[in-house]
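Values quoted throughout were computed directly from the atomic coordinates according to the rules given, and no laboratory measurement underlies them. Since the model is a prediction, treat every value here as computed from it, not as a measurement. Glycine also receives a Cβ, built like all others from the backbone with ideal geometry; neighbour counts cover every protein chain displayed.
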Amino acid sequence: MRYAVFAASLVGTCVFGIAFVGLGWTSGGAIFAGLFVLCACLVTLGVFDIVQKQHSLKRNYPILANLRFMLEKIRPEIRQYFLESDVDGSPYNRSQRAIVYQRSKHQLASRPFGTLQDVYRPEFEWLRHSIVPQPVEDKDFRVEIGGPQCGKPYSSSLLNISAMSFGALSGNAIAALNKGAKMGGFAHDTGEGSISPYHRKFGGDIIWELGSGYFGCRTKEGRFDPDLFAERAGLDQVKMIEIKLSQGAKPGHGGLLPAAKVTAEIAAVRGVPIGRDCVSPASHSAFSTPIEMMQFIAQLRELAQGKPIGFKLCIGHPHEFMAICKAMNETRIYADFIVIDGAEGGTGAAPLEFVDHIGTPLREGLTFVRNCLVGAGLRDKIKIGASGRIITAFDMLRTLALGADWCNIARGFMFSLGCVQALSCHTDHCPSGVATQDPIRQKALDVSLKAERVRQFHAATLEALAELTSAAGLCHPSELRAETIMRRISETEVRSFASIYPMLQPYSLLDGTADAVYADSWARADAGTFAVKPHSMQAAARAAA
């Protein structure tokens with residue numbers, strides 16, 4: 001069906017050409033001549049669409065895709081009277097998508113005529129700028145990840161590609177992302193689908209995400225295999241290992257790749273049987289308590305020869321993360337980094353209830369983790385990454401101001417590959433060849449061209465971050481603080497992030513001086529279990545009885 005118009009045009013060219021020859025220069029022949037020219041033009045356009053490499057949509061949908069791009073040109077007029085504005089739409093509005101497309105193509109990304117935002121609506125946010133902006137010389141911002149027990153720290157960019165698995169994304173998409181990461185000097189998270197040949201083809205830095213299915217290092221029974229892990233983790237291309245505890249879009253759910261999608265290639269990468277459901281359990285089998293989790297981290301660090309070991313999670317019950325903090329203090333085994341995934345994060349597919357109503361949003365989750373680490377005396381040992389609907393340099397700046405050391409982006413990099421937010425990731429019918437295993441659809445995604453766009457989006461976003469940092473009167477994003485960002489509460493009230501998301505004092509959880517809400521959850525956390533202790537007031541009542 002994708003080539004139906006092209007085929008019809010080809011047939012029409014032949015039919016109308018023959019009819020014209022038969023009728024000659026008669027009035028009827030002139031009509032057929034015009035139809036012949038029209039069909040011939042459509043055929044020419046279709047051939048050009050199939051051969052060109054700039055637009056994967058045109059390669060997959062010759063002729064028809066041009067209608068979309070034509071509508072894009074006249075859309076401002078149509079939209080102004082009949083459709084949504086640039087700042088409407090979800091999960092990403094047109095303005096957000098446009099900035100990615102423009103930066104990835106190295107096009108003019110300026111805006112005319114002033115902001116489209118209503119600056120007096122509640123929740124509008126802005127940066128406090130300085131009268132004396134500071135020059136920012138080096139825009140290749142880096143952060144060293146690796147705590148006191150790490151033998152091979154990693155110098156990471158402040159912006160990296162977030163977790164997206166081979167299987168969810170096409171092989172060409174993975175290859176383009178990794179080549180772009182190699183060209184731009186930043187890292188590419190594998191997602192829990194393990195390290196594929198497409199991740200390794202161009203040699204870009206890899207963060208290996210280790211999910212509950214232990215894909216790429218599992219036994220036949222689906223449990224963790226230390227020998228296979230050591231072999232993969234020893235690859236020079238692998239810079240860090242990230243244990244996935246939960247994912248923002250569907251925390252506590254696990255995952256399933258249906259049997260129909262488990263091809264021989266995916267089965268080989270993941271270490272699972274061909275043509276059978278590939279299940280990611282909701283929890284890990286390698287550990288069941290916070291202390292066991294720390295011991296698992298120590299084991300991975302030894303097997304990986306000292307590379308940074310961390311974990312990713314979406315915050316749920318406060319006492320569970322606090323129990324991990326207590327386990328680190330008790331065992332003296334520290335994670336090198338923690339990545340906070342917000343509930344607004346994306347996924348290929350998840351139940352509606354999980355997408356909409358489970359998990360803590362990024363800002364609250366990030367603030368909570370930052371405060372726990374500060375209050376437990378751990379912040380200087382552990383770096384914090386953050387992901388969840390980050391798309392622009394201002395999104396990065398806001399996240400860094402709340403305590404993150406670096407940011408990860410998934411869907412933004414998908415846009416740089418040509419994603420048009422068709423919302424068909426779960427159908428295997430992605431029109432741009434990004435989120436599909438259809439060999440024809442993904443062939444339309446030209447790896448070299450899209451890799452350059454990945455690199456350019458990364459570079460342009462960091463350049464914009466540098467300009468914002470300079471405008472704030474700072475020399476480096478690490479100097480950002482919560483008081484730098486303001487939010488409107490009502491038409492007449494504004495507050496800084498420092499007052500909305502207050503910080504705990506160092507060691508306040510340990511010395512008992514923390515905020516009452518934090519102190520109560522801390523009292524209920526136990527390093528020996530993820531289960532909650534009885535509420536302190538209830539425990540006191542039972543003790544008195």
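Below are the figures for this structure:
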| read-out | value |
| --- | --- |
| Alpha carbon convex hull of the chain, projected area averaged over orientations, nm² | 31.3 |
| THR263-ASP356 pseudo-label distance in nm [points 7 Å out on the Cα-to-Cβ vector] | 3.4 |
| Cβ-derived FRET efficiency at R0 41 Å, LEU423 paired with GLU292, nearest 0.05 | 0.55 |
| For a label point 7 Å along the Cα-to-beta-carbon line of LYS443, residues of region 405-432 with backbone N under 16 Å | 432 |
| Cβ charges +1 (Lys, Arg) and -1 (Asp, Glu), total dipole of the chain, debye | 1080 |
| Against the rule of thumb 2.2 N^0.38 Å, how large the Cα Rg of region 315-365 comes out | 1.40 |
| Approximate spin-label separation SER283-ARG2, in nm, with each point projected 7 Å along Cα-to-Cβ | 4.3 |
| Of LYS105/LYS307; LYS182/LYS312; LYS105/LYS381; LYS201/LYS381; LYS58/LYS182, those spanning more than 32 Å from alpha-carbon to alpha-carbon | LYS105/LYS307; LYS105/LYS381; LYS201/LYS381 |
| Dimensionless Rg/Rh of region 346-455 - Kirkwood Rh, Rg from C-alpha atoms | 1.07 |
| Aspartates and glutamates with Cα under 14 Å of LYS533, excluding same-chain neighbours fewer than 8 positions away | GLU320, ASP520 |
| Normalised contact order of region 142-500, rounded percent, pairs of Cα under 8 Å and 6 or more residues apart | 19 |
